[in-house]
Each structure stands twice: as C-alpha cells, then as structure tokens.
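Q: The structure's right below; bear with me while I get my questions together.
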Amino acid sequence: MASGFFRSLVEKFRGRPVDWEELEEMLLRADLGVPMTIKILEALRERPGTLDADSAVSVAKEEILRVFPPPPPPLRPLPALPKAILVVGVNGTGKTTSTAKFASWLTKKKYSCLLVAGDTFRAAAIEQLESWGNRLHVEVVKGQYGGDPAALCYDAWSSAKRRNIEFLLCDTAGRLHTKDNLMQELSKVKRTLAKHDPQAPHECLLVVDATTGSNAVVQAREFHAAAGLTGVILTKLDGSGKGGVAVAIAAELGIPTRFVGTGEQAEDFQEFQAERFVNELL
Ligand code: GDP
C-alpha cells in the first residue's frame, strides 16, 4: 500500500474539491477493500457541501475505526488447563517468528508457556523455533519432519497440562489457502486439541504480512472456513506496507487484528491498538 496515503491525499486535493473517482482509486490502492471503500465514500457523500481533503481524512478515520471491535479483554490463562493458541498462515508471512515473539511477550507478563514446533513441513522451521526457544528460555516440543502435527500438538497439550503450563503456542506449517488437503490437516489439528478440551484451541490467529495486498482477504476467508480464526497477527509493519488489508479483513469477515509485528526481534511485537494503527495508516 502507498505509504503516507492520506498525507498524499491531502496534498493532492489541497485547495480544490476532492475528486470522487481519484479518491475511490486511492482507497482501493490502500488495500482497504471494496466494501470498506464503499462505506467510506457513502459516509463522505452524506456530508453536506463540497468535500475537502481534511474532512475526507477525518471521516475515513472514523469509518475505519468503526470496523474494529473494541479491544478484547486481556489475554489471561485458564484456571486449570493450558490455553492453546494456534498460529496459522501462508509461508513467509512470519508465522514461526511471530509464534516465538508471542512467547516472549507472554513470558514478560510472567506467564509460563510451551512452544510447539508444529511446522513439520518447512525445512529448518523446527530448528528456527528451537533456536528462538533457547534464546527466550522457553521449552520447545518438537517431532520429526514429515510427522503429524495433530499428534504433536495433542501430546504437547498433555505435557503442558501435567506441568501446569499456562499457554501452549503451536506453530503450524505454512500452507496455501488453496490447498484443500493442507487445510484439512489444519482442521485435524483443531479437532485433536478439542479432544482434550472442547474449547481448545482457544485462539486461532492468522499471520498476515502487512505488505500483502488484497489477496490476504482471500487467505483470511479460507483459513477462517477451515480453522475458525479468532484474530490476526499483522507482521512487517516496519516495512513498506501499512497493513490496510487488516481493515479489509475486519470489515469483510469481522476478524479483529490482535497483535502487530514491527521487526525481527523478540520485542518487536505489540498488542494491536486501533487508533494508533489508523493514525499511522493514514
Ligand atoms: P513463516 O514461513 O511464516 O514461518 O515465516 P518466518 O517466521 O520464517 O519469517 C519469514 C521472514 O520474515 C524472516 O526473515 C523473519 O525474520 C521475517 N519477519 C517476521 N516478522 C517480521 C516483522 O514483523 N518485521 C520484519 N521486518 N520481518 C519479519
């Protein structure tokens, strides 16, 4: 997405009325998606008088903020069972890195966690998570490459339960949302965890690269159908992408963004703050 999108809008239309077609094109280029773009344009059309750039920006901000639900209650452990969190998404989005950063974020809050190297498919994914685990002093449960991630997650849950570990963070293999068999494998991981606790996994978070365009909405839709997403982790916000696609995912599928990744280090991981995000997006 174009960086400083709304700044360029203000500059472009300074001193002259906003051109509707150009505005529509800019919103679409910002990856906000067609429904969100229409919503913003309708809200602007309802305003009396000629539209200037500053009011276009403030109305757009308001409309975008409206699609983000109020922040969920803070993530807390369950009273007696491990809280299982699945991290899913396509390859290269930052899944393994985000799973590790998430563990770091939890340990800073003094919660205990166990990492599961459930990406038994990508070469070096297990070692990558193990190396993170060593750095963070968080144990990693691993199996063999080519092994069954559902069985691995099932056993890891038992281990976490036995040892009163509060959070079980499961990395999973990157998969194309178009690959039915892999999506079914993901559903199996979910079903297997639910044998331990019908509520598990308690969170299923889709990792989305902020530099990805509208294709991420398609990814979200397919992953949601296969695994029931509870949120998005928006990565690489430190890069050229502003993550407009998170708005499209919230507007079209009602899936909130929960965390953002802003770099490759453990500490580059924060809870999503809608207002801050929108100010930076615009
Ligand atoms: P996976 O295939 O989805 O598991 O992706 P990885 O976790 O291996 O990440 C792919 C690349 O993206 C790695 O080089 C990571 O260091 C990098 N990466 C992950 N998250 C971020 C982020 O928030 N910002 C930046 N700049 N790089 C990231």
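Q: Restricting attention to region 207-229, does a residue exist that is of a type in the set (Gly, Ala, Ser), within 16 Å of the ligand (Cβ to nearest atom) and open to solvent by 10 Å² or more (accessible area, probe 1.4 Å)?
A: Going residue by residue through region 207-229, those that are of a type in the set (Gly, Ala, Ser) are 210, 213-214, 216, 220, 225-228.
In the following step, the residues that additionally are within 16 Å of the ligand (Cβ to nearest atom) were identified as 210, 216, 220, 227.
Still in the list and also open to solvent by 10 Å² or more (accessible area, probe 1.4 Å): none.
Scanning region 207-229 turns up no residue that is of a type in the set (Gly, Ala, Ser), within 16 Å of the ligand (Cβ to nearest atom) and open to solvent by 10 Å² or more (accessible area, probe 1.4 Å).
Q: Next question, about the same structure. What is the number of the single condition among (1) in contact (Cβ under 8 Å) with a residue 12 or more places away in the chain; (2) surrounded by 15 or more Cβ atoms within 10 Å (Cβ to Cβ) that Leu182 does not meet?
A: Every condition holds for Leu182 apart from (1).
Q: Can you find, within region 77-93, the residue that is farthest from the chain's Cα centre (by Cα) among those that are at pLDDT 95 or above and open to solvent by 20 Å² or more (accessible area, probe 1.4 Å)?
A: This residue is Leu81.
Q: Restricting to region 12-35, and then to whatever is assigned to a loop (DSSP other than H, G, I, E, B), under 24 Å from Gln219 (Cβ atoms) and among the aliphatic types (A, V, I, L, M), can you tell me which residue is modelled with the highest pLDDT?
A: Leu32
Q: If you don't mind, there's one more thing I want to ask. If I go through region 262-281 residue by residue, how many of them are of a type outside the set (S, T, N, Q) and open to solvent by 100 Å² or more (accessible area, probe 1.4 Å)? Don't jump to the end; show me each part of the working.
A: To start, the set of residues in region 262-281 that are of a type outside the set (S, T, N, Q) comprises 263-264, 266-269, 271-272, 274-278, 280-281.
Cutting the leftovers down to open to solvent by 100 Å² or more (accessible area, probe 1.4 Å) gives us 264, 267, 275-276, 280.
The total comes to 5.
Q: Moving on. Would region 230-241 turn up any residue that is touching a Pro at 6+ places or on another chain (Cβ under 9 Å), among the hydrophobic types (A, V, I, L, M, F, W, C) and at pLDDT 90 or above?
A: The initial filter retains those residues of region 230-241 that are touching a Pro at 6+ places or on another chain (Cβ under 9 Å), namely 230-232.
Retained after the next criterion (residues that are among the hydrophobic types (A, V, I, L, M, F, W, C)): 232.
From what's left, at pLDDT 90 or above: 232.
Yes: region 230-241 contains one or more residues that are touching a Pro at 6+ places or on another chain (Cβ under 9 Å), among the hydrophobic types (A, V, I, L, M, F, W, C) and at pLDDT 90 or above.
Q: Which one of the conditions (1) in a loop (DSSP other than H, G, I, E, B); (2) within 16 Å of the ligand (Cβ to nearest atom); (3) modelled with pLDDT of 90 or more does Pro201 fail to meet, given that it meets all the rest?
A: (2)
Q: Would you mind finding the one in Val67, Val34, Val59 that is under 17 Å from Arg276 (Cα atoms), open to solvent by less than 90 Å² (accessible area, probe 1.4 Å) and free of Cβ contacts under 8 Å to residues at least 24 places away in the same chain? Full working, then the answer.
A: Numbers: Val67 fails: free of Cβ contacts under 8 Å to residues at least 24 places away in the same chain; Val34 fails: under 17 Å from Arg276 (Cα atoms).
On inspection, the qualifying residue turns out to be Val59.
Q: Checking Trp132 against (1) open to solvent by 10 Å² or more (accessible area, probe 1.4 Å); (2) closer than 26 Å to Glu275 by Cα; (3) within 14 Å of the ligand (Cβ to nearest atom), which test does it fail?
A: Going through (1) open to solvent by 10 Å² or more (accessible area, probe 1.4 Å); (2) closer than 26 Å to Glu275 by Cα; (3) within 14 Å of the ligand (Cβ to nearest atom) one by one, Trp132 breaks only (2).
Q: Let me ask another. Filter region 78-110 for residues that are β-branched (Val, Ile, Thr) and outside any strand (DSSP E or B); which is farthest from the ligand (Cβ to nearest atom)?
A: Just the residues of region 78-110 that are β-branched (Val, Ile, Thr), to begin with: 85, 87-88, 90, 93, 96-97, 99, 107.
After this cut, where a residue has to be outside any strand (DSSP E or B) as well, the list is 90, 93, 96-97, 99, 107.
Values: Val90: 7, Thr93: 4, Thr96: 3, Thr97: 3, Thr99: 8, Thr107: 18 Å.
Top of the filtered list is Thr107.
Q: Taking the residues in region 111-129 that are open to solvent by 10 Å² or more (accessible area, probe 1.4 Å) and in a loop (DSSP other than H, G, I, E, B) as candidates, determine which candidate is nearest to the ligand (Cβ to nearest atom).
A: Of the residues in region 111-129, the ones open to solvent by 10 Å² or more (accessible area, probe 1.4 Å) are 111-113, 120-124, 127-128.
From what's left, in a loop (DSSP other than H, G, I, E, B): 111-112, 120-124.
On the way: Tyr111: 22, Ser112: 23, Thr120: 13, Phe121: 10, Arg122: 6, Ala123: 11, Ala124: 9 Å.
Out of the qualifying residues, it is Arg122.
Q: Please work out if Phe13 is under 21 Å from the mean Cα position of the chain (by Cα) and not aliphatic (A, V, I, L, M).
A: Answer is no for this residue.
Q: Taking region 95-110, which residues are out of contact with any Cys (no Cβ under 8 Å at 6 or more places or on another chain) and open to solvent by less than 60 Å² (accessible area, probe 1.4 Å)? Before the answer, list the steps.
A: Here is the first cut: in region 95-110, the ones out of contact with any Cys (no Cβ under 8 Å at 6 or more places or on another chain) are 95-98, 100-102, 104-105, 108-110.
Hits for region 95-110 are Lys95, Thr96, Thr97, Ser98, Ala100, Lys101, Phe102, Ser104, Trp105.
Q: Can you name the condition, by its number, that Val260 falls short on among (1) within 12 Å of the ligand (Cβ to nearest atom); (2) assigned to a loop (DSSP other than H, G, I, E, B)?
A: Just one mismatch for Val260, condition (2).
Q: Given (1) closer than 21 Å to Gly92 by Cα; (2) free of Cβ contacts under 8 Å to residues at least 40 places away in the same chain; (3) in a helix (DSSP H, G or I); (4) out of contact with any strand residue (DSSP E or B) (no Cβ under 9 Å at 6 or more places or on another chain), identify the lone condition not met by Lys188.
A: Checking Lys188 against (1) closer than 21 Å to Gly92 by Cα; (2) free of Cβ contacts under 8 Å to residues at least 40 places away in the same chain; (3) in a helix (DSSP H, G or I); (4) out of contact with any strand residue (DSSP E or B) (no Cβ under 9 Å at 6 or more places or on another chain), the one that fails is (1).
Q: Something else now. Residues that are in contact (Cβ under 8 Å) with a residue 12 or more places away in the chain, away from the ligand (no atom under 16 Å from the Cβ) and not in a loop (DSSP other than H, G, I, E, B): does region 232-247 have at least one?
A: The first filter runs over region 232-247 and keeps only residues in contact (Cβ under 8 Å) with a residue 12 or more places away in the chain, leaving 232-247.
Going one step further and asking which of them are away from the ligand (no atom under 16 Å from the Cβ), we end up with 244, 247.
If we keep only those that are not in a loop (DSSP other than H, G, I, E, B) too, we end up with 244, 247.
Scanning region 232-247, I find at least one residue that is in contact (Cβ under 8 Å) with a residue 12 or more places away in the chain, away from the ligand (no atom under 16 Å from the Cβ) and not in a loop (DSSP other than H, G, I, E, B), so the answer is yes.
The values are calculated or read from the model by the stated rules, or taken from the named source; none is laboratory data. Since we're looking at a predicted model, the values are computed, not measured. Backbone-built Cβ (ideal geometry, glycine too); neighbour counts: all protein chains shown. Areas reflect the complete protein model, heavy atoms only, side chains present, ligands, DNA and RNA absent. Shrake-Rupley method; radii C 1.70, N 1.55, O 1.52, S 1.80 Å.
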